[in-house]
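The values are calculated or read from the model by the stated rules, or taken from the named source; none is laboratory data. All values derive from a computational prediction rather than experimental measurement. With ideal geometry, Cβ positions are generated from the backbone for all residues, glycine too; neighbour counts draw on all protein chains shown. Surface accessibility is based on the protein's heavy atoms, side chains included, excluding ligands, DNA and RNA. Shrake-Rupley method; radii C 1.70, N 1.55, O 1.52, S 1.80 Å.
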Amino acid sequence: MSRLDSAIRRLQAQKAALEDAAQRTADQRGMVLEFGLGNGRTYDHLRTILPGRRIVVFDRQVAAHPDCIPPDEDLYLGDLFETLPRAVAELGRAAVVAHLDIGTGDKDQSIALVARAAPLIAGLLAERAVLVSDQPVEGIPGLVPLPLPDGIAAGRIHMLQRA
Ligand SMILES: C[S@@+](CC[C@H](N)C(=O)[O-])C[C@H]1O[C@@H](n2cnc3c(N)ncnc32)[C@H](O)[C@@H]1O
């Protein structure tokens, strides 16, 4: 498969998983968490498919498209391992959808980053919240893997639900 095909499938999987997470949690009250603003592509999609939900965003910096910059009050700026403990104290288990997209481009580094962040992120998830991650999330008590949307190959994206 060409790198172009692979990138397209990754983005299709991300879009399908976020839309599935939105549907699964439609009857729940709570906020959305976006880990990795980047250029704001998935933030923009989340606010499109989840109008009315508060979306709280985590990143080291704001480097997004000017149309995709979250309001200051919804931003935790800085290294995740500094902002996450503060977010857990301030927000509690209030999120119904969380999207983890903090990949660095280096596969092993990204897997290690997610493994370190996931236990802290679990502390922000409400009951039945859905976590979508570009990297595997394993061994977190209370987080159970979900089936992927139809047509999405295993491993392209990862979906879990808080039991
Ligand atoms: C792949 S990009 C996110 C892409 C974005 N979701 C989009 O669709 O445009 C990953 C982002 O994660 C952020 N990131 C990576 N490691 C981080 C860390 N330890 N703390 C905070 N942000 C981090 C980077 O600054 C980068 O903006």
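Name the residue that is most open to solvent (accessible area, probe 1.4 Å), counting only residues in the range 33-60 that are among the polar types (S, T, N, Q) and within 6 Å of the ligand (Cβ to nearest atom).
Filtering first and then ranking leaves N39.
Tell me, which strands (runs of 3 or more DSSP E) lie completely within the range 61-146 with 1 or more residues that are in contact (Cβ under 8 Å) with a residue 40 or more places away in the chain and open to solvent by 70 Å² or more (accessible area, probe 1.4 Å)?
Result: 125-133.
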